[in-house]
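Trainee: For reference, the structure I am asking about is given below.
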Amino acid sequence: MKPLLKLEHIEVKFPIKRSLLEVIRNTPQKLVHAVNNISLEVAEGEILAIVGESGSGKTTLGKAVNALHDSDVVKGQITFNGQSIFDSKGKLLPEYRKDISMIFQDPYQSLNPKHTIEKIIAEPLMIHKVTKDKVEMRNLIIEALNHAGLSPGESFLNRYPHELSGGQRQRVVIASALVLNPKLIIADEPVSMLDVSVRSDILRLMMKLREEKKISYLFITHDISLAWAISDHIAVMYLGTMMEYGKADEVIEKPLNPYTQALINVMPKMHVRRNEKRVLLKGETPNPIDMPSGCSFHPRCPKAQSICKNVKPMPDWDKHGHMNYCHFNEEASHE
Amino acid sequence: MKKNSFIKLFIKNKMGRIGMIIFMIFVMVALVGPVIVQYDPQDFGEKEDVLQPPSLTHFLGTDDLGRDVFKAIVAGSRVSLIVGIMATLISMVIGTSLGITSGYFGGRIDDFLMRLTDIFLVLPWLPLMLVLAALLGASIWNIILVIGVTGWAGTARIVRAQTLTEKERQYIERAKSIGASHFHIIKHHIFPNVFPLIFANTILVTAVSILSETTLSFLGMGDVSKPSWGTTLHFAFESGALSNKAYWYFVPPGLCVLLLVLSFTLMGFALDEIVNPKLRER
Amino acid sequence: MEILNVKDLKIEFNLSGHRKLHAVNGVSFSLNKGETLALVGESGSGKTTTALSLMKLLPDNGSIVEGEILYKNQSVINASAEKIRSLRWKEISIIFQGAMNALNPVLTIEKQLMDVIMHHDHLEENEARIRAEELLKMVEIDVTRLKQYPHQFSGGMRQRVMIAMALACNPKIVIGDEPTTALDVMVQAQIFDLLERLKKVLELSMIIITHDLSILGDTCDKVAVMYAGEIVEYGEVQDIYCHPKHPYTQKLLSSYPVIGGKKALPESIPGIPMDMTQIPVGCKFAPRCHKAMPICFEEAPIQKVENGHRYFCHLGGESL
Amino acid sequence: MSRKYLLRKVFYAILTLFGVLVINFFLFRIMPGDPISMLVRNPNANLETVARMKAQFGLDEPVYIQFFTYMSNLFQGDFGTSFHYNRPVLSVIGERVFATVLLVGTAEFFAIIIGVFLGIIAAHRRGSKVDVMSLSFSLVTYAMPSFWLGILLIAFFSGFLSILPTSGMTSPALFFATGFERFFDISKHLILPALTLALVLIGEYMLVMRSSLIEVLTEDYITTARAKGFDEKTVLRKHALPNAMIPMVTIVAMSIGFVITGALQVETVFSWPGLGRLMYDALQDRDYPLLQGIFYISSICIIGANLISDILYGYLDPRVKE
């Protein structure tokens, strides 16, 4: 089926501000290689999880798709519903903003404390001039609130964000995304700041919206088990590069890439295993300014060979559409 | 936080309450006073009326030209208040708009505006005012303009700092992702969140403006046709009220300035404690 | 050998408007030498307050109103200020959460390690510096970074510095307040792996405060699940994981997707956390409990014990 | 604190100085009614001074040429000649600088020590009697016009208790005295004006120190320090103060700028022969070159003070990267 969203060779490189002195001595412009050469497709109603640690560029990718970075920093082609999101002059097509919306990580910060809930949800309607008449707008808002599980919607209209719990606030954010009935929602760590007990409510709401409204999601998270629980496909990112991509069950049960294997191996499991020897990667994700040569994971990879140091691997796709960005392809012994 | 809880917190704050009461008294005096008490700086009293101590006819005695000091103070209150508030409005408008623009847009505009603010912060403000007042002539509107134009730098710097923090908040990014324009973001998101700080700062800047007006008038730059407390103090000092111990002539006007400015500082600090969560009592 | 015993601890905070916040209402637990106890609960459950009260580190509007804390059989609550200060960091120390700026931003790491060593162990400057270098080696940080400032360290590295500082005076108990919450999964595993090795070498007993049940398997022996200022369930980690008794613990455990298990998303706990300024009659979890019975709203549940596995619930199991 | 940070700050200081210089130039030229018409309105201006004024400012040449002559003179240290004193502006200023530096220096010295000390105690024992007392003292002095405070002190000390001289820097009889006698005489005269200036400053420093320390005491690293078993005094001295002092440095530098203008009021009231008084008189006599010179010198002092505070800030706060 025709992909809803298609990303081809997306690159995001932030220039580091050079001081006057450096400009005069024209020292080379240093770049932060946040995202390098990512190509993805998201079908209608599909949930694609992007998994990675902090510094992997997953949020930058999400924002790039949402056109939140200024265009001279983002390279590569983004096509939505078959056509590019920028018109010939490079300006963003206005209705793209209606078809796509974003849920942010921190429910305490993503709502303006000075606005009532009604004003927050009315904002997208106002910006896109969906309707002039007050009553119709209010009904749309109440409907969105009910849809997001905040029923009865009327009772939330003139309350302020600080009167709501984390979970309720995240529902308001979802309601304000729903009101423009988007086709794609980019959810950047939507539940990581919520108490565990409230988490699955929000996830179940997202799944329900997928069934009812055929909304597809770009679900960005650092928690690979959460990604497995809710998404159809998983893409694992490290230092701006896509290390592995495939169906959720396949990537979890038969991880091919050493980085994914390490991530799954280190995931806390609900049983005592203190004495087992676990494969722990040494060090932390380096800063993406001076990128390691060859495969960017080679300094920390337990299976690194000399080839990894100087040759960039080619993404290798198997017949089930399971991609592994690595020179070696044997499955890990999986307990 | 909602409006009425804001006011409730303000009333509950002891400093805020005292400040508000003093301020209200002066506003009453300024509004009602000149209607009841006609004070004409030109009609000088008779010779024997000069420098009389406080008495029933003249509650606060008379000045070196036989004029009633109490009437002068009542008339002066209106001038001091008006000049203080008007000058502050000018400073706030310039300071806020520059602060928000340079904070929100950043880049070259920010650098240029910040250098401009630095220059105004560095210029010695009183001599600058004196020179401007001297060059423009000592009418009350020039005084207001002069104080206003030289007083905006501090506000600009504070507002810019607050805008920088607001700009990084996630609800700004959310507004951008919905497609909100810069103007919409500033109007609906940045300004409402920076306003409490602007309001608290306005109160403190008014205190400084009143002090500036008094000092300018004391140094002889005031508008003689509309005497303020500073002008009264100027004539008191020039006429040597000090040496012949006419304390009723030079103490009350100064005291009024002190109380009015104190009322603004008290309110300003009370607001600051409410706005700044770190200072708030737990 | 029991090193710490807490009996019916009650802590209250007085808020503006004469309201009282009952942060901890009757908590009892004990800690043996070399054992690691996890205090688990969601935000507002009183777990951090309980831990801080062990060193009487409550903020000025908080106070211990009831109960007893015995450290090596000496009362902590009515110990003199002098005694408490000598107990802090020498006997009990804390690893604060990495995300907070628990390290002084304007002092070098070296100064912050040495000042507590020189204070408690009365060492000379150069001896203290050698000890500081030892500590950094222990937590696998390059010794040359001693002169650097906290802002020059990444999240994971800052957490290792906190661990080094917590071990500076060879304390008997180390409290970890959400030690890995703000860190990536990989760094979190490294930190727990490091703590495991240090515990064996130094025979440390630890109290880990966390809201994340999934990490208990990595480091803890005993678990105390807390809700609204009370311990609702207490027992061995394996016991809690395999057959949790209290509905709240059951619900919490089911909220974590387990790879390989079935994919259905569990029901979450309805309602919002309890308002701690009032003390309701009956069980505190009743309003949000999916197995609540009428009795739960009238009487507080009494403690039930099944070979070391204690829980407070009117439901099943033979009561004490 | 890297070299780049230092270079950048010096560069900005020079830029600001240039800005002040430009404003200074235009201030006296394009104001409604150029200096000549100002002078003409001044009763004692005769034709000869008007002509000299014209030559001095070269008002007939186009503005940009005036600007270049103005700039080149400045670089050779020639600030023009004062009309009133008929001597180079720089030398007139030179004579008066010592008096202002003495006054401002003493006032600042005591104000910083007492203000910071009071601020620390008030913050440390927040809500206690000391806190309320010092808070109200500061709020009152902060709200008081300095010249009026001066007048009150004069009235009090010359009226009821005449042990302290209330005007001038040296008593007439001892004009030619030297050595200890002169020092003692000057310091007697210095007490009241310095006290006036200091009182206002103490209030401001105390308020800034108090709120800065209160904010620092709520930080997490203070809890860590207490958890380490240090007593309150050590926590305050070793962990709280190094952080709370950082904003003080900027505030003190900024206030040095304001003090130079504050000195103007005090010097006028106490007729203290400093730069402030010189400017006041220059204004009365419409002596523009002198006014411009004083204006420029005080701006340089303030820029210098801000630069020093930026550098100190870099030392105190290691997080200030380039």
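The values are calculated or read from the model by the stated rules, or taken from the named source; none is laboratory data. This is a predicted model, so every value here is computed, not measured. In this analysis, Cβ positions are derived from the backbone assuming ideal geometry, glycine residues included, and neighbour counts consider all displayed protein chains. Quick note on the areas: whole protein, heavy atoms, side chains included, nothing else; ligands and nucleic acids left out. Shrake-Rupley method; radii C 1.70, N 1.55, O 1.52, S 1.80 Å.
Trainee: Give the calculated FRET efficiency between B:Ile36 and B:Trp141 to the nearest 0.05, with a Förster radius of 41 Å applied to their Cβ-Cβ distance.
Mentor: So, using R0 = 41 Å, E works out to roughly 0.95.
Trainee: While we're here: Could you tell me the calculated FRET efficiency between B:Met28 and D:Phe180, based on Cβ-Cβ distance and R0 = 51 angstrom, to the nearest 0.05?
Mentor: E between B:Met28 and D:Phe180, to the nearest 0.05, is 0.30.
Trainee: Continuing with this model, one more query. I want the antiparallel fraction of DSSP beta bridges within chain C, as a percent rounded to 5.
Mentor: 65 percent
Trainee: Packing-wise, with mean Cβ within 10 Å as the measure, how do D:3-10, C:62-69 rank, highest first?
Mentor: Taking the mean over residues of other Cβ atoms within 10 Å, the ranking is C:62-69, D:3-10.
Trainee: Show log10 I(q)/I(0) for the range A:88-144 at q = 0.14 Å⁻¹, two decimals, from a solvent-free Debye sum over equal Cα scatterers.
Mentor: Log10 I(q)/I(0), no solvent term: -0.50.
Trainee: Give the D-B buried accessible area in Å², both sides summed, 1.4 Å probe, nearest 100.
Mentor: On the way: alone 17790 and 15320 Å², together 28500 Å².
The buried area between D and B, both sides summed, comes to about 4600 Å².
Trainee: Tally Lys and Arg at +1 and Asp and Glu at -1 over the other residues with C-beta under 13 Å from the C-beta of A:Arg199: what net charge comes out? Mind dumping the intermediate values first?
Mentor: Values: positive: A:Arg171, A:Arg204, C:Lys251; negative: A:Glu189, A:Asp195, A:Asp201, A:Asp223, C:Glu42, C:Asp212, C:Glu267.
Cβ neighbours under 13 Å give a net charge of -4.
Trainee: Quote the relative contact order of the range C:189-312 in percent (integer), defining contacts as alpha-carbon pairs under 8 Å separated by 6+ residues.
Mentor: Once normalised by length, the contact order is 21 percent.
Trainee: Oh, and also: Which of the listed residues, A:Ala304, D:Leu195, A:Ile202, is farthest toward the dipole's positive end in the protein assembly as shown, when Lys, Arg count +1 and Asp, Glu count -1 at the beta-carbon?
Mentor: Checking the options against the dipole of the protein assembly as shown, the answer is A:Ala304.
Trainee: Modelling each spin label as a point 7 Å along the Cα-to-Cβ direction, I'd like the D:Leu7/A:Arg25 distance in nm, to one decimal.
Mentor: A separation of 0.6 nm, rounded to one decimal place.
Trainee: On to the next question. If you take every DSSP beta bridge fully contained in the protein assembly as shown, what fraction is antiparallel? Give it as a percent rounded to 5.
Mentor: 60 percent
Trainee: Moving on. Rounded to the nearest 20 debye, what is the charge dipole size of chain A about its Cα centre when +1 sits on each Lys and Arg Cβ and -1 on each Asp and Glu Cβ?
Mentor: The calculated dipole for chain A is roughly 720 debye.
Trainee: Can you give the local net charge around C:Cys169? Use residues other than it whose beta-carbon is closer than 12 angstrom to its beta-carbon, Lys and Arg +1, Asp and Glu -1.
Mentor: Around C:Cys169, the charge tally is +2.
Trainee: Please give the average number of partner chain Cβ atoms lying within 10 Å of the Cβ of each residue in A:257-270, rounded to a whole number.
Mentor: Taking all residues of A:257-270 together, the mean is 4.
Trainee: Which value does Rg/Rh take for the range A:53-127 over its C-alpha atoms, Rh per Kirkwood?
Mentor: The Rg/Rh ratio comes out at 1.01.
Trainee: Right, something else. Of all DSSP beta bridges in chain A, what percent run antiparallel (nearest 5)?
Mentor: Roughly 60 percent of the beta bridges in chain A run antiparallel, per DSSP.
Trainee: Any idea what the dipole of chain C comes to, in debye rounded to 20, about its Cα centre with Lys/Arg Cβ at +1 and Asp/Glu Cβ at -1?
Mentor: Value, rounded to 20: 260 debye.
Trainee: Then there's this: Run the simple label-point estimate for B:Lys8 and B:His184 please: 7 Å along Cα→C-beta, distance reported in nm.
Mentor: Modelled inter-label distance: 3.4 nm.
Trainee: Further question on the same structure: Quick one: 3J(HN,Hα) in Hz for the range D:142-150, Karplus 6.51/-1.76/1.60 with θ = phi - 60°, rounded, Gly and Pro as x.
Mentor: Going residue by residue, I get 5, 8, 8, x, 4, 5, 5, 4, x Hz, with x marking Gly and Pro.
Trainee: Moving on. Identify which of B:Ile143, B:Ile119, B:Ile210 has the largest mean-square fluctuation in a Gaussian network model of chain B, with springs joining Cα atoms closer than 10 Å.
Mentor: The residue with the greatest mean-square fluctuation here is B:Ile119.
Trainee: Let me ask something else about it. About the Cα centre of the protein assembly as shown, how large is the charge dipole given +1 on each Lys and Arg Cβ and -1 on each Asp and Glu Cβ? Please answer in debye to the nearest 20.
Mentor: Values: 126 positive and 122 negative charges, 167 e Å.
So the dipole magnitude of the protein assembly as shown works out to roughly 800 debye.
Trainee: Could you work out, for chain C, what percent of all Cα-Cα pairs fall into each 10 Å distance bin, beginning at 0 Å and stopping at the bin that holds the largest distance?
Mentor: Binned Cα distances yield the sequence 5, 25, 32, 24, 10, 3, 0.
Trainee: Can I ask one more? Kindly rank B:124-135, B:19-30 from highest to lowest mean number of other beta carbons found within 10 Å of each residue.
Mentor: Highest-to-lowest ranking by the protection proxy: B:124-135, B:19-30.
Trainee: Taking the convex hull of the Cα atoms, report for the protein assembly as shown its projected area averaged over all directions, in nm².
Mentor: Quarter of the Cα hull surface area: 58.7 nm².
Trainee: Moving on. Report in % the part of the accessible area of the range C:98-151 that belongs to carbon and sulfur, leaving out ligands and nucleic acids; probe 1.4 Å. Could the numbers behind the result be given before it?
Mentor: Details: 1380 of 2560 Å².
On the range C:98-151, the fraction of accessible area on carbon and sulfur atoms equals 54 percent.
Trainee: Which whole-number percent gives the relative contact order of the range A:44-200, counting Cα pairs below 8 Å spaced six or more residues apart?
Mentor: 30 percent
Trainee: Hey, another quick one. Going by average Cβ density within 10 Å per residue, which order do the peptides C:41-49, D:312-320, D:225-233, A:212-220 take, highest to lowest?
Mentor: Values: C:41-49: 22.2, D:312-320: 15.8, D:225-233: 18.9, A:212-220: 20.7.
Those peptides, ordered most packed to least, come out C:41-49, A:212-220, D:225-233, D:312-320.
Trainee: Another question, then. For A:Lys119 and A:Lys91 in the same chain, what is the full-extension length gain: residue separation times 0.36 nm, less their Cα-Cα distance, in nm?
Mentor: Fully extending the segment from A:Lys119 to A:Lys91 adds 7.3 nm.
Trainee: How big is the Cα convex hull of the range D:195-322 in projection, averaged over all directions, in nm²?
Mentor: The directionally averaged projection comes out at 10.1 nm².
Trainee: I want the local charge near B:Lys226. Using Cβ-Cβ distances under 13 Å, sum +1 for each Lys or Arg and -1 for each Asp or Glu among the other residues.
Mentor: Summing Lys/Arg as +1 and Asp/Glu as -1 gives -2.
Trainee: Here's another thing I want to ask about it. Take the solvent-accessible surface of the protein heavy atoms, probe 1.4 Å, and return the percent of it on the range C:180-285 that carbon and sulfur atoms account for.
Mentor: Carbon-and-sulfur percentage of accessible area, whole number: 59.
Trainee: Moving to a separate point now. As a quick test, which of the pairs A:Lys282/A:Lys319; C:Lys172/D:Lys238; C:Lys7/C:Lys284; B:Lys8/B:Lys187 have an alpha carbon distance above 22 angstrom in this structure?
Mentor: Over 22 Å apart, Cα to Cα: A:Lys282/A:Lys319; C:Lys172/D:Lys238; B:Lys8/B:Lys187.
Trainee: Working from the alpha-carbon coordinates of chain A, get Rg over Rh, Rh being the Kirkwood radius.
Mentor: Radius of gyration over Kirkwood radius for chain A works out to 1.00.
Trainee: Here's another thing I want to ask about it. Hey, rough spin-label estimate for C:Asp275 and D:Lys188, points 7 angstrom out along Cα→Cβ, what's it come to in nanometres?
Mentor: 7.2 nm
Trainee: I've got another one for you. Leaving out ligands and nucleic acids, note down the accessible area per residue over the range C:122-246 with a 1.4 angstrom probe, in whole Å².
Mentor: Per residue, the range C:122-246 has an accessible area of 33 Å².
Trainee: Taking the Cα centre of chain A as the origin and placing charges on Cβ (Lys, Arg +1; Asp, Glu -1), which of A:Thr27, A:Ala262, A:Gly321 is farthest toward the positive end of the dipole?
Mentor: Result: A:Thr27.
Trainee: Across the residues of D:135-146, average count of Cβ atoms on other protein chains within 10 Å?
Mentor: 6
Trainee: Take the Cα pairs of the range A:145-295, get the Kirkwood Rh, then feed it into Stokes-Einstein at 20 °C and 1.002 mPa s and tell me D in µm²/s.
Mentor: Answer, rounded: 119 µm²/s.
Trainee: With unit charges on the beta carbon (Lys/Arg positive, Asp/Glu negative), name the residue among D:Tyr288, D:Ser271, D:Val252 whose Cα is farthest towards the positive pole of the charge dipole of the range D:216-301.
Mentor: D:Val252
Trainee: Please compute the length gained on full extension between A:Ser54 and A:Ile16, using 0.36 nm multiplied by the number of residues separating them and subtracting their Cα-Cα distance. Kindly include the intermediate steps, with their values, before the conclusion.
Mentor: Numbers: separation 38, 0.36 × 38 = 13.68 nm, distance 1.95 nm.
Residue separation times 0.36 nm, minus the Cα-Cα distance, leaves 11.7 nm.
Trainee: Inside 10 Å of the C-beta atoms of B:125-133, what's the mean count of C-beta atoms belonging to other chains? Mind showing how you got there, number by number?
Mentor: On the way: counts 3, 9, 14, 6, 1, 7, 11, 2, 1.
The mean count of partner-chain Cβ atoms within 10 Å per residue comes to 6.
Trainee: Based on Cα coordinates alone, diagonalise the gyration tensor for the range D:91-288, multiply each eigenvalue by 5, take square roots, and list the semi-axes in whole Å, largest first.
Mentor: Working: eigenvalues 294, 60, 50 Å².
Taking √(5λ) for each Cα gyration eigenvalue gives 38, 17, 16 Å.
Trainee: Sticking with this one: Which FRET efficiency value, to the nearest 0.05, is calculated for A:Ser293 and A:Tyr108 with the Förster distance at 45 angstrom and r the Cβ-Cβ distance?
Mentor: Working: r = 41 Å, r/R0 = 0.92.
Approximately 0.60, to the nearest 0.05.
Trainee: For the range B:3-280, treating each Cα as an identical point scatterer without solvent, what Debye log10 I(q)/I(0) comes out at q = 0.11, 0.15, 0.16 1/Å?
Mentor: So the normalised log intensities are -0.72, -1.11, -1.20.
Trainee: Could I ask something else about it? Compute the relative contact order of chain D as a whole-number percentage, counting only Cα pairs closer than 8 Å that sit 6 or more residues apart in sequence.
Mentor: For chain D, the relative contact order is 29 percent.
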